[in-house]
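The structure appears below as structure tokens.
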Amino acid sequence: MTHRKSFFKSWKWRILKPLILLSLSLCFIGASLGIIWFATLKIPDLSVFEERKVAESTKIFDRTGEILLYDVHADAKRTIIAFEDISEKIKRATIAIEDLEFYEHKGIKPTAIVRAVLANLTPGSGVTQGGSTITQQVIKNSVLTKDKTITRKLKEWILALKLEKVLSKDQILNTYLNENPYGGSIYGVEEASKTFFGKSAKDVTLAEAAYIAAIPQAPTFYSPYGPNKERLDARKNLVLQQMRTNNFITEEEFSVAMKEEVKFLEKNTTGIRAPHFALYVKDYLVKKYGEEAVEEGGLKVITTLDYKMQEKAEKVVTKFAPSLSEQFNASNTAMIALDPKSGDILMMVGSRNYFDKEIEGNFNITTAFRQPGSTFKPFVYATAFMKGYTPETVLFDVETEFSTKCTPEGKPNNPADDPEKVCYSPENYDGLFEGPETMRKALAHSRNIPAVKTLYLAGINDSIETAEAMGITTLKDPNRYGLTLVLGGGEVSLLELTSAYGVFANDGIRNPYRSILKVEGADGSVLEEANFSQTQAIPVQVSRQISDILSDPTVRMDSVSSVVTNLNRQVAVKTGTTNDYRDVWIEGYTPNLVVGAWAGKNDNTPMEKKIAGVIITPVWGAFMAEINNDYPKESFRKPEQTHEDIKPTLRGIWKGGVSYTKDSVSGYLATDLTPPETRQEIVFNGVHNILHWLNKDDPQGEIPKDPTKDSQYDYWEYGVRKWFENWQKSNPTFKEAEGYDIPTKTDDVHTEENRPKVSIDIPKKDSYSLSSRVDISVSISGKNPLRKSELYVNGKYIVSNEKDPKFLSFTPQDIDGIQRNNTIKIVAYDSVYNRGEASVDIEIDR
């Protein structure tokens, strides 16, 4: 006691007393400030934690819904899935390595906090010590900023405790697994599973689950595509050991998982497949739903793209790119394919390489507007056929001046005018003129002069209306194009042109092109679903006439024939080359597929002076060969035969005056039994252009009394007369005068008695399966040998054979409308086209 009193009176106390008082005061002040700081500490409200909006990326898939083309996102690729859709393996693996006591603690672990505080207070250590539970990590990733401060850490502890009162443990774990980073822009286990293994999070193996759980500690360091793959493997093994130690898995499961060889998918370095198409779809989505909805709304988009076809197209374009550039100075190529029966865009290659900056490869040529060259001609001929002209109508392919500002000789009416500016006398691609020829041959051979004449006969405005009805939307100024329209004077896109050709393929029915089958919201609701909006754009007969011409091997150009023949299927093809060789095109189609291709240069400068058949046709042909076995073979339906109903001048007359029709085999007058193939019209007195014999606006009407009233008559007539004078020099026996004897006898070759008797031999079976091939042997008895055979099933034309007419075959599943009981009809032609037929019934298992 005496000692205490003496201490408080000693000099030591007198020194310590003020220090103690000061320390107590500072502690009091510090505590007061701490209370004030804690009271004013802003803690986010967690009462609506579940209702907060989590950004989800939009997924654009191919038509199967399995192949991801493009993950559209702002900063994070994420797909939110339900807790029950996450594999238990992933859940247990994550808890084993990240937070073993997750289901026991209240959000934080005091021992870990103490460890973290001590480490963080150690000088030089920095605020980097972990100790976070899964709950804390959810708070850190979802609510707080990423800065590492004592204040943020304290908030994290407080909010973790609060979150445990707001959500259940399963809800917290579900949030963690859906939102945790797994490297780069990959967030959530579903995205990680799809990216690494190509499967959903519910389908992963135990070893795959261990890999997923191993990554979040350091996503960049442990990336399977980085340099630390061995360290990732070691951490995966640690996860499995933790699971085994804590009885999350059995010894057998542990052993199997340790031995499993897990293969990661190749890293998609571009982050996008079929880039031109994917971005085409994205642009559509943004216009319809808005940027935010597309980048953060979690849409699921099923497109029309056939990715297997897309890959084949890309490989073909890549393969041909060097030779096109080196040999033809064509630096770029584009290709597109559609299903004419639905309008689905099946393939879109917008350039030879999307990522080639030198050629501006990211520019989508399939949607760009370019001059189509001769690929526009079928629209004009279709218009003419709708007005009453026919494929057998004859026009003169002769040098012709079309401009009324010039004389028929091609000289300006005003001598001061420049003839190159005011006159218009187009040439053919080969510099030659073939004289009189049918519209069938003129279109198939892509002759320019008959095409310009056909445009004049059909009418510019009406031809544009036909093109618009078929899907071409860019020809808005008829006065700008004039007669050059038929040679590709207007601009179109490869997409619209190919879609329009699909109308020819589909019996005149237009299905507008489409790129999307379905759009679903993040909640699974259907926002958009494709449907049909068909229109009869042109008459059935006209579409069949065009297809019949473009698929006719007897008039097809050699540059196309060599490619198409190898496909062993009926294909209609048209090529096009612009006059300045800036663009080459090809459009080819079957009843169930239409494919268009283009080559040229993005800067619109000329290529080498070669036609489309040389430059782009081989590319198109190589692609068609790649997919040839992927599509059933279908044949075009034949147009109706209308020989008896058509005005004679439209059937092939190119000379006026007295005429008669003879059989070219017998040399006698033709009869009703004389086939079209041997009918020949003989005309006397007067070689004239077609305007001499008809009014272009009423081709089936009366012969005009004064044809010279037509502004083009003198121009066309001059070219015809000039050609005829030269032709007559090489045909001296032909005289343009009276006196020819008309035969009195009639055709004695094509008679009822001479019709061939047809026999059909089919291997006997009770019935055939849908997938089995039905082989048919054909024979005839008569005066002449078999020339050609045609197969019809239930009255529908299927196929013909001229190379080996004794044999025909078909596969039932390739024929629309096949029934259990079917009638097979064979139409056979002998060497002079006498026609016979026979039928037999056949049963098909269905």
| task | Can you grab the distance from the C-alpha centre of segment 226-286 to the C-alpha centre of segment 380-447, Å, no decimals? | result | 66 Å
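Would you please give the FRET efficiency between F264 and T318, computed as 1/(1 + (r/R0)^6) with r the Cβ-Cβ distance and R0 = 30 Å, to the nearest 0.05?
On the way: r = 26 Å, r/R0 = 0.85.
Taking R0 as 30 Å, the efficiency between F264 and T318 is 0.70.
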| message | Less than 21 Å apart at the alpha-carbon level, and either on another chain or at least 8 residues along: which lysines does that give for K796? | response | K341, K633, K638, K788, K806, K825
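How much net charge surrounds Y768 when only other residues with a Cβ under 14 Å from its Cβ are counted (Lys, Arg +1; Asp, Glu -1)? Show your work: numbers first, answer last.
Details: positive: K764, K765, R773, R820, R846; negative: D766, D775, D814, D841, E843, D845.
In short, -1.
Which order do the peptides 778-789, 806-817 take when ranked by the mean count of other beta-carbon atoms within 10 Å per residue, highest first? It would help to have the intermediate numbers written out before the result.
Numbers: 778-789: 17.2, 806-817: 15.5.
Packing proxy ranking, top to bottom: 778-789, 806-817.
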| message | Checking the table K476/K601; K194/K312; K109/K162; K288/K312; K59/K267 against a 20 Å threshold on Cα-Cα, which pairs fail? | response | K476/K601; K194/K312; K288/K312
| field | Positive minus negative residues near Y103 (Lys, Arg vs Asp, Glu; Cβ under 15 Å) | value | -2
| task | On the full set of protein chains, 1.4 Å probe, figure out the accessible area of S323 and give it in Å² to the nearest 10. | result | 40 Å²
| query | What is the set of long-range amide H partners of T661 at a cut-off below 5 Å, with H atoms built 1.01 Å from backbone N? | reply | A670, I682
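Rounded to the nearest 0.05, what FRET efficiency do S831 and F369 give with R0 = 35 Å and r taken as the Cβ-Cβ distance? Could you check?
Numbers: r = 51 Å, r/R0 = 1.46.
FRET efficiency, S831 to F369: 0.10.
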| query | Where the centroid of each part is defined by its Cα atoms, how far is segment 333-370 from segment 779-820 in Å? | reply | 39 Å
| task | Take peptides 99-109, 593-603, 61-71, 274-284 and line them up by average Cβ neighbours within 10 Å, highest first, as a rough protection proxy. | result | 593-603, 274-284, 61-71, 99-109
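Give me the number: length gained by fully extending D697 to E468, i.e. 0.36 nm times residue separation minus the C-alpha to C-alpha distance, one decimal in nm. Could the numbers behind the result be given before it?
On the way: separation 229, 0.36 × 229 = 82.44 nm, distance 2.07 nm.
Residue separation times 0.36 nm, minus the Cα-Cα distance, leaves 80.4 nm.
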| remark: Rounded to one decimal in nm, the spacing of the 7 Å Cα→Cβ label points at K722 and A234 is 8.9 nm
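How much length is gained on full extension from D804 to T671, taking 0.36 nm per residue of separation minus their Cα-Cα distance? Kindly include the intermediate steps, with their values, before the conclusion.
Numbers: separation 133, 0.36 × 133 = 47.88 nm, distance 2.93 nm.
That pair, D804 and T671, stretches by 44.9 nm at full extension.
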| remark: Between N247 and D85, the FRET efficiency computed from the C-beta separation at R0 = 35 Å comes out, to the nearest 0.05, as 0.90
| remark: Sequence order, segment 90-103: Karplus ³J(HN,Hα) from phi using 6.51 cos²θ - 1.76 cosθ + 1.60, θ = phi - 60°, Hz rounded, Gly and Pro as x, gives 5, 4, 5, 5, 5, 5, 4, 9, 9, 6, 4, 9, 3, 7
| request: Take peptides 502-508, 361-367, 820-826 and line them up by average Cβ neighbours within 10 Å, highest first, as a rough protection proxy. | output: 502-508, 361-367, 820-826
| message | Using the Karplus curve 6.51 cos²θ - 1.76 cosθ + 1.60 with θ = phi - 60°, what ³J(HN,Hα) values do you get for each residue of segment 528-534, in whole Hz, with x for Gly and Pro? | response | 7, 9, 5, 9, 8, 9, 6
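The values are calculated or read from the model by the stated rules, or taken from the named source; none is laboratory data. If you're wondering where the values come from, they're calculated on a predicted model, not measured in any experiment. Cβ atoms come from the backbone with ideal geometry, glycine included; neighbour counts cover every protein chain shown. Just so you know, the surface numbers come from the protein's heavy atoms only, side chains and all, with ligands and any DNA or RNA stripped out. Shrake-Rupley method; radii C 1.70, N 1.55, O 1.52, S 1.80 Å.
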